[in-house]
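Notes for the one structure printed next.
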Amino acid sequence: MSVDIRTAVVPDSILAGWQQTVDLVSEIASIPAVLIIRDQGEELQVFVASDNQTNPFSKGSHDVRGSLCQAFVRHENPLHVADIAQHPEWQACLAEMHGMVSYYGLPLYWPCGQVFGTICILDSRENNYADNIRSLLARFQKTIEADLDSMARQARLEAANEVLTQLHERQQQELTELRGQLSKEVDNRASMAQTLEYVQRYDALTGLPNRAALLSHMEHILAVNTNQQFAVLYIGLQNFKTINDSYGYLVGDQILQTVSDRLRHDLAGNFYVARVTGNEFVVLLVTSRIEELTVRLANRLSHSLNQPLVIDQQNITVPIKMGLAMSPADGPDASTLLKKAGAAMNLGKVSGSAYTFFTDSMQLALDERCRLESHLVDALKNNEFSLHFQPLIATESRKLLGAEALLRWFNPVLGQVRPDQFISLAERNGQINDIGNFVLRTAIEQISNWYRLYKYPMRMAVNISPVQFRDTGLVRYVADLLAEFQLPPSMLELEITEGVLMQDEYQATRVINALKRIGVGVSLDDFGTGYASLSYLQKYAFDTLKIDRGFIAHLDNSEQDRELARAIIAMAKKLKLNVIAEGIETQEQNDFILEEGCDCGQGYLYGRPVPALEFAASHLETQTFAIDDEQMAIA
Ligand code: C2E
Ligand code: CA
Ligand code: CA
């Protein structure tokens, strides 16, 4: 910040003071001219002149170069010339002195050391200027320099202020620009936030609202009216993982898109449709005629969604299941209602009605399931699982043909939990793969130990869950275990249920054939329960058929069941399959199946499932070691 002080304007207030000063000096000293002359570089100016008649100089006159020579004014020290005429050195100035002949002047300086000018007195006659006049002038010199000092400070302040003002203006400008950028940024962010919100709330594949959006929509409905009647219809595509595995994800995606298009097409207006998980959709129906319209809706959707989907010129039927929960009856909040609709879907029967309403008994089942699940999580880690073995007996000779490995779970809190209660849970939470691997390893290790110990050829039957069956690593895992325990593959038989076959025939054929290739037997368990189709027996390379114990239980009193059992056994024999009748509890049942030609039985009559040691004691140590043809075939 540099200020050219020489051009500084002397404020009026100071100027007035200076005027008073020169007037005062002029009066006190009876001197005609008292001047303050300002040096402006190029020229000198009579800046202040005493206001009396006799003063020949007038204030403001410029170009006094000639009249009052610069040497006078720019003299650094006090200068006294009593009579100019007497001094050859100053004589040149005389002509310009407007009749003045003597001069006394003191220099005036700006605080920075620059010359301001001079304060001087001039007389028309020779004058030595008395000391009191000189000291008066010196006093005024100091006063004027004090004024100059304050002016300089003021000027610096103003300059600083100017700079600050400029700075401020620049900052203001920058600020305005920044504000502009900021508002652009805010706009950008707002649009980004909108995109993010979209991504967070909508499913990318189908464009439908997702689970979070559905829940907040439901919460909004309930916030407006806690008693609002509405139905939550939970729709699940069955076997979707198998479809993805068999046809690929692209086809899976197309199926989901087609289903969402059907839902959109079928439902307009009052409905809210969301995709809540990979293969599950939810429809909300808000209406006062809830019961009547919900049933109609469920039937309509069931009809529409069960139509085969044509994808890449293939007809694919994706079975669906639906569960329903109603507000406000089934729960006070969105997530409870959604959970219950989902539970109704899962707990609903596979056969029969296309949809299932949530019920009180489902609530109990849900609570129980929660309790079990919390303990199941650590069961494997805590060694709570073990295997029991139940004998498979030759109906005629009563010889031991094999054993079925049956999983047991003993939990310190829950006690003994039946497999029916926890297997489906483990299937749902994905634990079944680890648990199933434990069963396979333990059973294979057990049978190989027995074989080494007793040299008794028998087969070990192991139940395989549909979830495990879908695991592409199953065949490899089994082959590795057989190698590890050096067990002849024919001593192992895997039991699968019809569910596996219904879900995905292509995958089932592949796995069954792969198991056959490594020499492992495959049996069809619980035959006759579900949609039992005899055609399955021709289609797949089974070794054994197990007639469900439901048939056997009613042999005594149901002619129909007797006929069915007879037909199944005959058919299986024709197809050269081993047949095992499950659940043989009585001698009569044993006699019936024996008569019909069923080779093998399993049931309490022959032996209950028991731990390995007990099994060995009751069934292996008592065996005669004469091995008959039937057993040779197995070994
Ligand atoms: P399942 O494969 O049909 O097994 C036979 C079931 O019938 C066993 O029940 C057995 O104890 C029972 N049982 C045997 N003989 C008789 C009889 O004479 N009368 C009656 N009333 N019941 C008899 P458990 O052990 O409770 O197993 C039930 C189901 O749990 C099994 O049915 C099977 O589907 C499943 N399961 C058992 N262990 C495993 C396993 O390791 N893995 C898988 N995935 N499922 C298993
Ligand atoms: Ca079984
Ligand atoms: Ca069975």
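Once you divide the Cα radius of gyration of region 132-251 by 2.2 N^0.38 Å, the number left is 2.82.
Of the options Thr143, Ala231, Asn161, report the single residue whose Cα projects farthest towards the positive end of the charge dipole of region 142-231 (beta-carbon charges: Lys, Arg +1; Asp, Glu -1). Towards the positive end, the residue furthest out is Ala231.
Counting only Cα atoms, the size of region 81-125 along its three principal axes is 36, 18, 16 Å, in decreasing order. Backbone geometry of region 452-460 corresponds, through the Karplus equation with coefficients 6.51, -1.76 and 1.60 at θ = phi - 60°, to 3J(HN,Hα) couplings of 5, 6, 10, 6, 9, x, 8, 10, 10 Hz, x marking Gly and Pro.
Binning the C-alpha pair distances of region 374-634 at 5 Å intervals from 0 yields a P(r) profile of 1, 6, 13, 17, 19, 18, 14, 8, 3, 0 %, listed from the shortest bin outward. Taking θ as phi - 60° and the Karplus parameters 6.51, -1.76 and 1.60, the scalar couplings of region 208-218 work out to 7, x, 9, 4, 4, 5, 4, 4, 6, 5, 5 Hz in sequence order, x denoting glycine and proline.
Kirkwood radius and radius of gyration were both taken over the C-alpha atoms of region 211-358, and their ratio Rg/Rh is 0.97. Which links in Lys321/Lys516; Lys399/Lys574; Lys241/Lys381; Lys241/Lys516 stretch past 31 Å when you go from one Cα to the other? Violating the 31 Å limit, Cα to Cα: Lys321/Lys516.
Positive-end ranking of Thr395, Ser361, Ile512 along the dipole of the chain, with charges on Cβ about the Cα centre, is headed by Thr395. Relative to the dominant Cα principal axis of the chain, helix 12-29 is inclined by about 20°. Dipole of the chain computed with +1 at Lys/Arg Cβ and -1 at Asp/Glu Cβ about the Cα centre; of Val413, Met491, Asn437, farthest Cα towards the positive end is Met491. For the chain, the convex hull spanned by the alpha carbon atoms encloses 336 Å³ per residue. The long axis of helix 505-517 is offset from the longest Cα principal axis of the chain by roughly 70 degrees.
Remark: the Cα gyration tensor places region 12-200 in the prolate category, a/c being 1.5 or greater and a/b exceeding b/c.
Sorted on the mean count of surrounding Cβ atoms within 10 Å across their residues, most packed first, peptides 512-520, 600-608, 184-192 read 600-608, 512-520, 184-192. Here is the list for region 281-379: trypsin sites (Lys or Arg not before Pro) lying in DSSP coil, each with at most 13 other C-beta atoms within 10 angstrom of its C-beta, are Arg289, Lys349.
In order along region 167-184, phi translates into HN-Hα couplings of 4, 4, 5, 4, 5, 4, 5, 4, 4, 4, 4, 4, 4, x, 4, 4, 5, 5 Hz, rounded to whole numbers, per the Karplus curve 6.51 cos²θ - 1.76 cosθ + 1.60 with θ = phi - 60° and x for Gly and Pro.
Read-outs: derived from the displayed coordinates by stated rules, not from any lab. All figures in this text were calculated on a predicted structure; none of them were measured in a lab. Ideal geometry is used to build each Cβ from the backbone, glycine not excepted, and the neighbour counts take in all protein chains shown.
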